[in-house]
1. Calculate, for residue 25 and residue 143, the FRET efficiency according to 1/(1 + (r/R0)^6) with r their C-beta to C-beta distance and R0 41 Å; round to the nearest 0.05.
2. By a straight-distance test (C-alpha under 21 Å), which lysines pair with residue 24 as possible cross-link partners, with residues fewer than eight away in the same chain excluded?
3. In bins 5 Å wide, starting from 0, what share of all Cα pairs of the chain does each bin hold, as a percent?
4. With labels modelled as points extended 7 Å from the Cα through the Cβ direction, what inter-label distance (nm, one decimal) is found for residue 36 paired with residue 2?
5. Cα to Cα, under 18 Å, and not fewer than 8 places away if on the same chain: which lysines meet these conditions relative to residue 164?
6. So what's the Cα pair-distance distribution over the stretch 1-103, bin width 5 Å, in %?
7. Among 163, 32, 147, which one shows the biggest mean-square fluctuation in a GNM of the chain, springs joining Cα atoms closer than 10 Å?
8. DSSP loop trypsin sites (Lys or Arg not before Pro) in the stretch 1-56 with at most 14 other Cβ atoms within 10 Å of their Cβ, which ones?
Amino acid sequence: MTNIAEDRARLLQLIKDNAIVHGKVTLSSGKEADYYVDLRRISLSGEAAPLVGRVMRDLTKDFDYVAVGGLTLGADPVATSMLHAAAAAGEQVDAFVVRKAGKAHGLQQRIEGPSIKGRRVLVVEDTTTTGASPLEAVAACREEGAEVVGVATIADRATGAQEKIEAEGLTYVTAFSMEDLGLA
């Protein structure tokens, strides 16, 4: 049995030690910042990924979902970590990937993985700034016929995403705030 408080503390320390990059950067939103939280350094780490899965599953334990995913690339390792955490706990959660655009070949699908049509899904991502990426994933999931039950992220930059996501009628949760990361 894992101790979720220990998992959260270790994950937070790994983020602080490995994922916070100081210096001028341009975010995907186009905004400039004095630091960048590169959570792919965490979600793709052999040590941290299992922690991501367990912490995010605990964060979303009150949501009722059978599949988890979001806009590629930030959401992919988060969803996969959650899939593995569920399996380790003897449960099943599918993962899915939302492409930024539909494929022009093959099955021409925008959403890859087991079908989410008619299923309850949770949209995830690694770091949320404006909310544009998870909302794009929410729209794609709804177009596919899924019921989106909420949005969860590892870290929220506190720059308006929560308000935009909640304005769409969705519950939004984050594992860590900028205060938690020592950036506020």
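1. Efficiency, rounded to the nearest 0.05: 0.80.
2. 16
3. Taking all Cα pairs of the chain, the binned fractions are 1, 8, 18, 21, 21, 16, 9, 4, 1, 0 percent.
4. The two pseudo-label positions are separated by 2.8 nm.
5. Cα-Cα hits under 18 Å: 31.
6. Over the stretch 1-103, the share of Cα pairs per 5 Å bin runs 2, 12, 19, 21, 18, 15, 8, 3, 1 percent.
7. In the Gaussian network model the winner is 32.
8. Of the trypsin sites (Lys or Arg not before Pro), the ones in loops of the stretch 1-56 whose Cβ has at most 14 other Cβ atoms within 10 Å are 31.
The values are calculated or read from the model by the stated rules, or taken from the named source; none is laboratory data. As the structure is a prediction and not an experimental result, all values here were calculated from the model. Counting neighbours? That spans all protein chains shown, and the Cβs are built from the backbone with ideal geometry, glycine included. In case anyone asks, the SASA skips ligands and DNA or RNA and just uses the protein heavy atoms, side chains included. Shrake-Rupley method; radii C 1.70, N 1.55, O 1.52, S 1.80 Å.
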